[in-house]
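Heads up: the structure comes next, in structure tokens.
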Amino acid sequence: MRRVPNFLILCLTMLLFLSGCMNIKARVLDDIQLATAAGYEYIDEDKIELTAVFPNFQPDKSVKNETLVASSILSKEVRDKLSLQSEKPLVSGKLEVTLYEKKTAERGIKDLLDTLERDPSVGSNVYLAVVDGSPKELLNKQYGNMDNGIFLSNLIEQNIESGLIHKTNLHQFSYKYYAEGIDPMLPIIEQKNGKINLKAIGLFDEDKLVDQIEEKMYFYLKILLNRKGENDTHAIQLGEKTKLSIFNISSKRKYHIPKPMTNSEITVKVKLKSMIREYNDGELTDRKIKELEKAFEEDIKRNSEEMIKQFQEKEIDPLGIGEEVRSRTRNWNKEKWEEIYPDIKISVQVTMDIIQSGIVE
Amino acid sequence: MFDLETKELQISPFLVFFIINAVQVGIGVLGFQRVIMKSAGNDSWMVVLAAGMMVSFIIWLMYLLLNRHQKDIVQIQKDIFGKWVGSFISLIWIIYWLLIGIVTLRNYIEIVEVWMFPTINIYMFSLIFIILVYYCVSGGFRVVTGLSFLGVCIPFYLFFTFLFPIEFAHFRNLLPIWNHSIKDITFSIKDMIIGYLGFSTLLMYYPYIKHPKKSQKWAHLGNLLTMVIYLFILIITIGFFSEKQVSRQIWATLSLWKIVEMPFVERFEYIGITSWALIILPNICLSVWASTKGIQKIFNLKPKRVVIVILSILFCVTVAVQGREDIALLSKTMSLIGLCLGFIYVPLLTLISFLLSKMRRGKFEKGT
């Protein structure tokens, strides 16, 4: 009986030595270059130029933004080429943002996404964005006391959280790319006077950028996109003098589809609960508030329907109306839906309720 | 007449709950979605329910058989088919149990290779793992049971991390219900049952349960927990991924973790995969224990030597199988044998045993 513990002790001591034979490459944080952002651009038919950003930590605790540029036919190969210029190996585990030049996005970004989807070390939380202009130039500048990957990711994250743009990341993009009845969207950013600006939202047809909607339409897009929302802000001008801005405490969206997969009308019902943030036409009486509600309902209805028309003309469906229809039909046929989608009448019904008007009357 | 073990070696009936659950929840949970959603799509949750119920039925049959004989399968088969044929069939069971261990370990190593360390030395990895298995199995069945208990309880926190993806889930994807024909759904049930396999080790450890009849309820509950785990993960998968996206994910459950972000850890898969070692350890231990016990019962050998032989086979096959295709082939073979044994042979055996006892009783009554 005493032989068993001895054997075990032997095994356990052996384990200590064996761990060295596991052939696992240890990667020490100080000895690698963590890429935080990457910019892609096609420079000719099938060559990609990749700009990688990594932080360079200075002795005085500040962070310097550094970039490397190389080009090749596949993005993992570019990474190897980038390593040739770098004193430490580049790894992609901390990738936060990837940028695509606008022309590249118009050509289709599916091939460029494969490396992100296939690599287990890249998370699904990576933000994707389209750049109006050169990603190389955009990434080359220093914008804050941090590297551009973190800066851009904070910028996009902040705007999603404060409700200005829709939720977006690598997972959402591939979800919508593969799903039937919804098309992806990505924010478009530009560099202007040394600042980065979230300029528009790019609309994709599968993986190709086909259209964009401007900043003033974000509000309509957001309330139509999400089943439940909050935090949206919006301002309108009525007549000559009345201007006001509201803040959404909650928004609810419901689809009413009486006969799915036919040409019959689809109604989108939106219910908003809002408060007034700014108003500059005298006193706010109850009657006035009723009028304002009416005016808002009008405005939202008109603009949203116009926006949906725009989508239908381009044959894209970023709102996921197809998905709503799909979940109401058995044996859904994608081709048939795509055929009838542009001609369906889609109307929006808005009910607005202003429940607060701030701390003054 | 009865062949139960002595009291000191037995376990309480409620522990069967943990053993059944530990042996069912293994490597299959990480990637079952792609296979069943291929033909059943958004209706796959029904497949999980149906497969769970069928497995529950088989467990009920097994108890019917075992309660009648109060013996393990090796001896039941010896009684019914005689020494040679009975032992031969027992040998098939043993090979099947051993295959469960091999498939689990090899698939786990593959996941470690693909997700964490592409260059990992699989000889060393399997050797270290097998030494651990030896340590547990040589402690006897009570140690394996204890390990199953820990293997269910400790990693249970992992299932809460699947709540993170809900933020991005579109649960409308579950609609419309009955989007697929009954034929498609039945077809997937076969693939889903593979996720429940392993419960047949019950046939081997039955004599080790104190008041075995009381344990039936716990076995069914253990199976129910497995079903709930599968259902929970599947519903989140259907909401989180679009259907075509799932068809691309080899390990959809691990891909769910890619979205988890916590302040102290950037990528949760690394914690998840390492914690999964604790889930598959009782799985392998139990299958190795069952095959060891079987061999020992058939040939009357010393258990220690048998364990070493069994583990050597486990090691050799594990390192010999390389590449995804071979691994898939091995898994397929295992599940085919499992399906035949569990869903064709066990009902048949129960029937034969029932008829035989009727006949013998008839003879006995005639004789007197």
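The values are calculated or read from the model by the stated rules, or taken from the named source; none is laboratory data. None of the values given here were measured: they were computed from a predicted structure. Cβ coordinates were reconstructed from backbone atoms using ideal geometry, including for glycine residues, and neighbour counts include every protein chain displayed.
Residue-by-condition table, conditions (1) modelled with pLDDT under 90; (2) at negative phi:
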position	(1), (2)
B:Ile120	yes, yes
B:Tyr123	yes, yes
B:Ile131	yes, yes
B:Gly140	yes, no
B:Thr145	no, yes
B:Leu150	no, yes
B:Cys153	no, yes
B:Phe160	no, yes
B:Leu163	no, yes
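Which residue pairs have Cβ atoms closer than 6 Å, lie 6 or more positions apart in sequence or on different chains, and pair a first residue in the stretch A:42-55 that is assigned by TED's automatic domain parsing to the domain that holds A:Glu96 and of a type in the set (A, V, I, L, M, F, W, C) with a second residue that is in a loop (DSSP other than H, G, I, E, B) and surrounded by 20 or more Cβ atoms within 10 Å (Cβ to Cβ)?
Pairs found: A:Ala52/A:Ala35; A:Val53/A:Thr36; A:Val53/A:Asp147; A:Phe54/A:Ala35.
Across the stretch B:116-152, what is the total count of residues that are without any contact (Cβ under 8 Å) to a residue 60 or more places away in the chain and away from chain A (no Cβ under 14 Å)?
1
Can you name the condition, by its number, that A:Asp147 falls short on among (1) at pLDDT below 85; (2) at negative phi?
Here A:Asp147 clears every test but (1).
Does the stretch B:59-67 contain any residue that is free of Cβ contacts under 8 Å to residues at least 24 places away in the same chain, surrounded by fewer than 24 Cβ atoms within 10 Å (Cβ to Cβ) and farther than 17 Å from B:Ile238 by Cβ?
Taking every residue of the stretch B:59-67 in turn, none turns out to be free of Cβ contacts under 8 Å to residues at least 24 places away in the same chain, surrounded by fewer than 24 Cβ atoms within 10 Å (Cβ to Cβ) and farther than 17 Å from B:Ile238 by Cβ.
Working only within the stretch A:116-144, note down all residues that are within 14 Å of another protein chain (Cβ to nearest Cβ) and under 18 Å from A:Val53 (Cα atoms).
Let us first name the residues in the stretch A:116-144 that are within 14 Å of another protein chain (Cβ to nearest Cβ), namely A:116-127.
Passing the criteria: A:Leu116, A:Ser121, A:Val122, A:Gly123, A:Asn125, A:Val126, A:Tyr127.
Could we say that A:Phe173 is assigned to a helix (DSSP H, G or I), more than 14 Å from chain B (Cβ to nearest Cβ) and surrounded by 21 or more Cβ atoms within 10 Å (Cβ to Cβ) here?
No: the conditions fail for A:Phe173.
Given the conditions (1) within 9 Å of chain A (Cβ to nearest Cβ); (2) surrounded by fewer than 18 Cβ atoms within 10 Å (Cβ to Cβ); (3) of a type outside the set (Ser, Thr, Tyr), and given that B:Pro263 satisfies all but one, which numbered condition is not satisfied?
So the condition that B:Pro263 fails would be (1).
B:Thr161 - would you say it is over 30 Å from B:Glu5 (Cβ atoms), touching a residue at least 24 places away in the same chain (Cβ under 8 Å) and not in a loop (DSSP other than H, G, I, E, B)?
On the way: over 30 Å from B:Glu5 (Cβ atoms): yes; touching a residue at least 24 places away in the same chain (Cβ under 8 Å): yes; not in a loop (DSSP other than H, G, I, E, B): yes.
The answer is yes for B:Thr161.
Which residues, counting only those in the stretch A:95-114, are within 14 Å of chain B (Cβ to nearest Cβ) and crowded, with 20+ Cβ neighbours inside 10 Å?
In the first step, residues of the stretch A:95-114 are kept if they are within 14 Å of chain B (Cβ to nearest Cβ); the result is A:95-96, A:110, A:113-114.
Within the stretch A:95-114, A:Leu95, A:Glu96, A:Leu113 meet the criteria.
Hey, among the residues in the stretch B:166-182 that are part of a helix (DSSP H, G or I) and in contact with a helix residue (DSSP H, G or I) (Cβ under 9 Å, 6 or more places away or on another chain), which one's nearest to the other protein chains (Cβ to nearest Cβ)?
Among those residues, the one meeting the criterion is B:Arg172.
Just the residues that are surrounded by 20 or more Cβ atoms within 10 Å (Cβ to Cβ) and either aliphatic (A, V, I, L, M) or within 14 Å of another protein chain (Cβ to nearest Cβ) (or both), please, taken from the stretch A:57-89.
A:Leu68, A:Val78, A:Leu82
Looking only at residues that are farther than 24 Å from A:Thr51 by Cα and within 14 Å of another protein chain (Cβ to nearest Cβ) in the stretch A:145-167, which one is surrounded by the most Cβ atoms within 10 Å (Cβ to Cβ)?
Among those residues, the one meeting the criterion is A:His166.
Looking at (1) surrounded by fewer than 16 Cβ atoms within 10 Å (Cβ to Cβ); (2) touching a residue at least 60 places away in the same chain (Cβ under 8 Å); (3) closer than 25 Å to B:Thr201 by Cα, which one does B:Asp79 not meet, given that it meets all the others?
Among (1) surrounded by fewer than 16 Cβ atoms within 10 Å (Cβ to Cβ); (2) touching a residue at least 60 places away in the same chain (Cβ under 8 Å); (3) closer than 25 Å to B:Thr201 by Cα, the lone unmet condition for B:Asp79 is (2).
Any residue in the stretch B:249-258 that is more than 21 Å from B:Ala169 (Cβ to Cβ), surrounded by fewer than 21 Cβ atoms within 10 Å (Cβ to Cβ) and hydrophobic (A, V, I, L, M, F, W, C)?
no
Give the stretch A:302-334 a look and list any residue that's within 14 Å of chain B (Cβ to nearest Cβ) and not in a loop (DSSP other than H, G, I, E, B), or say none.
Scanning the stretch A:302-334 gives A:Ile321, A:Gly322, A:Glu323, A:Glu324, A:Val325, A:Arg326, A:Lys334.
Restricting to the stretch A:24-35, name every residue that is within 14 Å of another protein chain (Cβ to nearest Cβ) and surrounded by fewer than 14 Cβ atoms within 10 Å (Cβ to Cβ).
Within the stretch A:24-35, A:Lys25, A:Ala26, A:Arg27, A:Leu29 meet the criteria.
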